[in-house]
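Everything below concerns the one structure shown next.
What follows draws every value from the coordinates through simple rules; no lab data is involved. Computed from a predicted model, the values in this text were never measured in an experiment. Positions of Cβ are generated from backbone atoms using ideal geometry, with glycine treated the same way; all protein chains shown enter the neighbour counts.
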Amino acid sequence: MERMNRILKRTSITKKATPHIFRHTHISMLIEAGVDLPTIMARVGHDDAKTTLKIYTHVTKK
């Protein structure tokens, strides 16, 4: 967490942020960009498509 705090000090992010938030944003942006589900799953280590779809696709407008 110490490293995360150092990184955040170099940004304009004012909200509390964690590595998981960046992971969540990364996956959501991949989905919005049209990256196929198997590629996303392999990239983030998911074995079950339901996990990826349930947790990460609800936040996108697409």
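What to note about this one:
- The residue among Met4, Val35, Thr25 whose Cα reaches farthest toward the positive pole of the charge dipole of the chain, with charges on the beta-carbon of Lys, Arg, Asp and Glu, is Met4.
- For trypsin sites (Lys or Arg not before Pro), the sites in the stretch 1-41 that DSSP calls loop and that have at most 10 other Cβ atoms within 10 Å are Arg10, Lys15, Lys16.
- Compared with the dominant Cα axis of the chain, that is its longest principal axis, helix 19-32 is turned about 40°.
- Alpha-carbon Debye profile of the chain, log10 I(q)/I(0) at 0.18 Å⁻¹: -0.70
- Modelled label reach - Thr57, point 7 Å along Cα→Cβ, the stretch 1-41 residues with backbone N closer than 14 Å: 28-41
- Taking Cα centre as origin and charging only the Cβ of basic (Lys, Arg, +1) and acidic (Asp, Glu, -1) residues, the dipole magnitude of the chain rounds to 420 debye.
- The helix-only estimate of mean residue ellipticity at 222 nm for the chain, built from DSSP H runs of length n ≥ 4 each weighted as -39500 (n - 2.57), is -17500 deg cm²/dmol after division by the residue total.
- Spatially close lysines, pair count over the chain: Cα under 23 Å, gap of eight or more or interchain: 4
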